[in-house]
Amino acid sequence: MRCPFCSKLDNKVIDSRLSQAGEVVRRRRECEGCGRRYTTYERIEQTLPLVVKKDGRRQPYDRVKLLAGLRRACVKRPVSAETLERLLNRLERQLVDTGDPEVSSALLGSKVLGALRDTDPVAYVRFASVYREFQNAEEFMDELRTLVDESAS
């Protein structure tokens, strides 16, 4: 593993732990060149489907891009990074389990919204406002009413 600070290849593993239901190995490493510590994550590489966009373009599934969107939706919310990682791990497991070579961005977005609704309602509304491309305040209010009605029942 190359040190992200000095690019040396010599390092030692200080601590290894299973995290996120045993699906990921977290390793704390120390560079023998500069002495700085960093964390790496080891997970099984899974073949994830291509994402079919609204305009028909196909792109590889991008965990980093989706995680960035989730983090933006969860800014200043009590949602931990580990919770978001678990959410993405569950989502990816569902995608792999279907066995489909492609998934529509609409289906992917609705799965993310469903998971966010259960995790944090404010983050859900933030993500929905971007994902569903609300054009005006009325569309936004309709979504809020739906959320409030669901939580009241």
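Looking only at residues that are touching a helix residue (DSSP H, G or I) at 6+ places or on another chain (Cβ under 8 Å) and at pLDDT 85 or above in the range 121-139, which one is nearest to residue 68 (Cα to Cα)? Give the steps one after another, and end with the answer.
Looking only at the range 121-139, we keep the residues that are touching a helix residue (DSSP H, G or I) at 6+ places or on another chain (Cβ under 8 Å), and these are 121, 123-132, 134.
Within this subset, residues satisfying the condition of being at pLDDT 85 or above are 121, 123-127.
On the way: 121: 18, 123: 13, 124: 14, 125: 16, 126: 13, 127: 11 Å.
Result: 127.
Just checking, which of 133, 85 is on the phi > 0 side of the Ramachandran plot and either within 13 Å of the chain's Cα centre (by Cα) or free of Cβ contacts under 8 Å to residues at least 12 places away in the same chain (or both)?
133
Please enumerate the residues belonging to the range 14-51 that are touching a Lys or Arg at 6+ places or on another chain (Cβ under 9 Å) and assigned to a loop (DSSP other than H, G, I, E, B).
20, 21, 23, 32, 33, 34, 46, 48
Assuming residue 117 fulfils every condition listed in (1) within 14 Å of the chain's Cα centre (by Cα); (2) surrounded by 13 or more Cβ atoms within 10 Å (Cβ to Cβ) apart from one, which condition is it?
That leaves (1) as the condition not met.
Spot the failing condition for residue 143; the list is (1) part of a loop (DSSP other than H, G, I, E, B); (2) surrounded by 12 or more Cβ atoms within 10 Å (Cβ to Cβ), and only one is missed.
So residue 143 meets the others, but not (1).
Any idea which of (1) modelled with pLDDT of 90 or more; (2) in a helix (DSSP H, G or I) is the one residue 118 doesn't satisfy?
(1)
Is it the case, given these coordinates, that residue 83 is at pLDDT below 95, among the polar types (S, T, N, Q), outside the structural domain of residue 109 (by TED's automatic domain parsing) and farther than 22 Å from residue 132 by Cβ?
Working: at pLDDT below 95: yes; among the polar types (S, T, N, Q): yes; outside the structural domain of residue 109 (by TED's automatic domain parsing): no; farther than 22 Å from residue 132 by Cβ: yes.
It is false that residue 83 is at pLDDT below 95, among the polar types (S, T, N, Q), outside the structural domain of residue 109 (by TED's automatic domain parsing) and farther than 22 Å from residue 132 by Cβ.
Working only within the range 120-130, note down all residues that are hydroxyl-bearing (Ser, Thr, Tyr) and either without any contact (Cβ under 8 Å) to a residue 24 or more places away in the chain or loosely packed, with under 14 Cβ neighbours inside 10 Å (or both).
129
State which residue is modelled with the lowest pLDDT when the search covers only the range 20-46 and only residues that are surrounded by 14 or more Cβ atoms within 10 Å (Cβ to Cβ) and of a type in the set (S, T, N, Q).
20
The values are calculated or read from the model by the stated rules, or taken from the named source; none is laboratory data. Nothing here was measured: the structure is a model prediction, and the numbers come from that model. Note: ideal-geometry Cβ built from the backbone for every residue, glycine included; neighbour counts use all protein chains shown.
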